[in-house]
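Visitor: Please see the structure below; I have some questions.
The values are calculated or read from the model by the stated rules, or taken from the named source; none is laboratory data. Everything numeric in this text was worked out from a predicted model, so none of it was measured. Note that each Cβ is placed from the backbone with ideal geometry, even for glycine, and that neighbours are counted across all protein chains shown. Protein only, heavy atoms only, side chains kept; ligands, DNA and RNA dropped before computing areas. Shrake-Rupley method; radii C 1.70, N 1.55, O 1.52, S 1.80 Å.
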Amino acid sequence: EADIYQTPRYLVIGTGKKITLECSQTMGHDKMYWYQQDPGMELHLIHYSYGVNSTEKGDLSSESTVSRIRTEHFPLTLESARPSHTSQYLCASSDLMGRETQYFGPGTRLLVL
Amino acid sequence: SQQGEEDPQALSIQEGENATMNCSYKTSINNLQWYRQNSGRGLVHLILIRSNEREKHSGRLRVTLDTSKKSSSLLITASRAADTASYFCATDGWGSQGNLIFGKGTKLSVKP
């Protein structure tokens, strides 16, 4: 079992609300990632970070933002949620080069009404 | 894009049978990885095969890589009901900054 945690696991909110999805890892990994996955579909990388104070946009454009103030913590924020943001969000981490295993959290299922 | 494409999209077999899933990709890679995802959960790493390797084993898993055809296969032998999950290949391509590109996955159902 990987030591990477996501909260909340499920979230139902109304349109226009601000939300923050939490992700923490205790493996000391420098590189962290956020993926978006619709049911039965592939994962799309939306954000990643090489370490503290580093954030990069992924392949899929997203209205969300991320921050990396501490190595172990990589929260994702949506300033104003919309129904189009309904999806599963998966957090992962790996060593700095990212050329080995990625460890995934259990995911947050977000439903925006 | 160097996206991996798995084939078949869905596979249903009986317990004890072997399951074979294929993955094709488009550009040169450093390595290719296979992950499993149980319904509604995160992904779990299964096996990594580097571009200079042709075959790798881990327990009941056997992975092959053919870089000339840009394809890989995952074989699960003597499948169990607990193997029911979606299986994704992911490629670490040249110039990807170590980021992985995931395929659409194969949904495997193993019936007891």
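Visitor: Send over a whole-number figure in Å² for the accessible area per residue of region B:2-112, probe 1.4 Å.
Guide: On the way: 5020 Å² over 111 residues.
Per residue, region B:2-112 has 45 Å² of solvent-accessible surface.
Visitor: Once the Cβ-Cβ distance between A:Asp95 and B:Asn38 is put in as r, and R0 is 35 Å, what FRET efficiency do you end up with, to the nearest 0.05? Don't skip to the answer; put the middle values down first.
Guide: Numbers: r = 25 Å, r/R0 = 0.70.
My answer for the efficiency is 0.90.
Visitor: Using 0.36 nm per residue of separation minus the Cα-Cα distance, give me the extension gain between B:Gln9 and B:Ser24 in nm, one decimal. Before the final figure, lay out the partial values.
Guide: Numbers: separation 15, 0.36 × 15 = 5.40 nm, distance 1.27 nm.
Extra length from B:Gln9 to B:Ser24 when fully extended: 4.1 nm.
Visitor: Rounded to a whole number of µm²/s, how large is the Stokes-Einstein D of the protein assembly as shown at 20 °C and 1.002 mPa s, given Rh as the Kirkwood radius over C-alpha pairs? Please report the intermediate quantities before stating the final value.
Guide: Details: Rh = 17.9 Å.
Translational D for this selection: 120 µm²/s.
Visitor: Quick one: which residues, 5+ away or cross-chain, put their amide H under 5 Å from the amide H of A:Glu72? H built at 1.01 Å from N.
Guide: Residues meeting the amide H criterion: none.
Visitor: For region A:48-101, report the % of Cα-Cα distances exceeding 16 Å.
Guide: Tail of P(r) above 16 Å: 47 percent of Cα pairs.
Visitor: Can you spot the lysines whose alpha carbon is less than 22 Å from A:Lys18's alpha carbon? Ignore those fewer than 8 places along the same chain.
Guide: A:Lys57
Visitor: Given the Cα atoms of chain A, and with Rh set as the inverse mean 1/r over their pairs in the Kirkwood sense, what is Rg to Rh to two decimals? Intermediate results must be reported in sequence, preceding the final value.
Guide: Working: Rg = 13.1 Å, Rh = 13.9 Å.
In chain A, Rg relative to Rh is 0.94.
Visitor: Ok, one more. Could you look at the protein assembly as shown and say what percent of its accessible area is carbon and sulfur, using a 1.4 Å probe and all protein chains? Working shown, then result.
Guide: Numbers: 5260 of 10470 Å².
Reported share for carbon and sulfur atoms: 50 percent.
Visitor: Kindly sort B:Val44, B:Val110 by accessible area of their heavy atoms, largest first, with the probe set to 1.4 Å. Present the calculation step by step, with values, prior to reporting the outcome.
Guide: Working: B:Val44 70, B:Val110 5 Å².
Highest to lowest solvent-accessible surface, that is B:Val44, B:Val110.
Visitor: Further, regarding this structure: Count, for each residue of A:31-42, the Cβ atoms from other chains sitting within 10 Å of its Cβ, then give me the mean as a whole number.
Guide: On the way: counts 3, 0, 2, 0, 4, 0, 6, 0, 2, 7, 4, 12.
Partner-chain Cβ atoms within 10 Å, mean over residues of A:31-42: 3.
Visitor: For chain B, give the share of DSSP beta bridges that are antiparallel, in percent and rounded to the nearest 5; count only bridges with both residues there. Spell out each step's value before the answer.
Guide: On the way: 40 of 45 bridges.
So the antiparallel bridges amount to about 90 percent of the total.
Visitor: Under the definition of partner shielding as Cβ atoms of other protein chains within 10 Å of a residue Cβ, what is the mean value for peptide B:39-49? Write out the running numbers ahead of the final one.
Guide: Working: counts 2, 7, 6, 15, 11, 5, 8, 1, 1, 3, 0.
Mean number of neighbouring Cβ atoms from other chains: 5.
Visitor: With a 1.4 Å probe, what is the total accessible area buried between chains A and B, in Å² rounded to the nearest 100? Intermediate results must be reported in sequence, preceding the final value.
Guide: Working: alone 6280 and 6070 Å², together 10470 Å².
Roughly 1900 Å² of accessible surface disappears when A and B pair.
Visitor: Shifting gears a bit: When you look at the Cβ of every residue in B:94-101, what mean number of other chain Cβ atoms sits within 10 Å?
Guide: Numbers: counts 0, 0, 4, 7, 11, 10, 9, 5.
For this peptide, the per-residue mean of nearby foreign Cβ atoms is 6.
Visitor: Please state, as a whole number in µm²/s, the translational diffusion coefficient that the Stokes-Einstein equation yields for region B:47-112 at 4 °C and 1.567 mPa s, with Rh defined as the Kirkwood radius across alpha carbon pairs.
Guide: Values: Rh = 13.3 Å.
The diffusion coefficient I find is 97 µm²/s.
Visitor: Let me ask you something else. For region A:39-48, in order, what is each residue's ³J(HN,Hα) by Karplus, 6.51 cos²θ - 1.76 cosθ + 1.60 with θ = phi - 60°, in whole Hz (x at glycine and Pro)?
Guide: Listing the rounded values in order: x, x, 10, 6, 8, 10, 6, 10, 8, 8 Hz.
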